[in-house]
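No lab work stands behind these numbers, since they all come straight from the coordinates. Since the model is a prediction, treat every value here as computed from it, not as a measurement. Glycine gets a Cβ as well: all are built from the backbone with ideal geometry, and neighbour counts include every protein chain shown.
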Amino acid sequence: MTHHQLTDEAKPPHAPARQLTLRFISTRRGARLARHLAVQQFTEWTGLPYDSDPARAVALVTAELASNAVRHGSLPGRDFRLTLFLLPHGFRVEVTDTRPERLLPPATPQPADETSGRGLLLVQAYADRWGYTVRDAYTKTVWAEVQLRTTPS
C-alpha cells in the first residue's frame, strides 16, 4: 500500500464493530496518551495481550501518527483527533490534524546520518494498509490498519 492510494480506501471497508473518538492536546504528552489509550482499547476490544504482535503494531503505528500530528500537523491552540475502529478483520487507527496543506512525503529510506524521517517507513512496515485523506480545507486524516492475527509462540 502506498501512501497516496486514497479514494475508497480512506474509509473503513466494513462497518466497524466498535468505534471511539477522542481529542488530544497537540503536545508530546498528548501523543503519548493517545498511544497508551489506543493499546488499552485494542486489548480490551480484542482480548489480545499487551505483548502480542498486533498490540505492539498498534502502539508503534499510533505513536508515529500522533507524533507526526503534533510535530507537523498542529496549529497553536488546535488539538488532534484519534479515532479507533474495531473492524471484522482488524483494528484501524485514524489521526486527524489541522494542517491539510502539509501532505505526507513518500515513505522513503533516509540517509543513515539523518536523525528523523523514518516514521512512515515504520508505519508501512507494521500496518497492513495505510494512507491519508483530506476531506476539507481544515483537516487531514492519516490512517493505518493492523490485522488481528498473532504469531504462534
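Remark: region 18-34, residue by residue, has Karplus-estimated 3J(HN,Hα) of 9, 8, 9, 10, 9, 9, 10, 5, 7, 9, 4, 5, x, 5, 5, 5, 4 Hz, where x stands for each Gly or Pro and the curve is 6.51 cos²θ - 1.76 cosθ + 1.60 at θ = phi - 60°. In terms of the mean number of neighbouring beta-carbon atoms within 10 Å, the peptides 125-134, 82-91 order highest first as 82-91, 125-134.
Near the amide H of Arg129, within less than 5 Å, lie the amide hydrogens of Glu145, all on another chain or at least 5 residues away, with H placed in the peptide plane.
Packing, taken as the mean count of other beta carbons within 10 Å per residue, orders the peptides 36-43, 135-142, 54-61 from highest to lowest as 54-61, 36-43, 135-142.
For region 140-146, the Karplus equation 6.51 cos²θ - 1.76 cosθ + 1.60, evaluated at θ = phi - 60°, returns couplings of 9, 10, 10, 10, 8, 10, 10 Hz by residue, with Gly and Pro reported as x.
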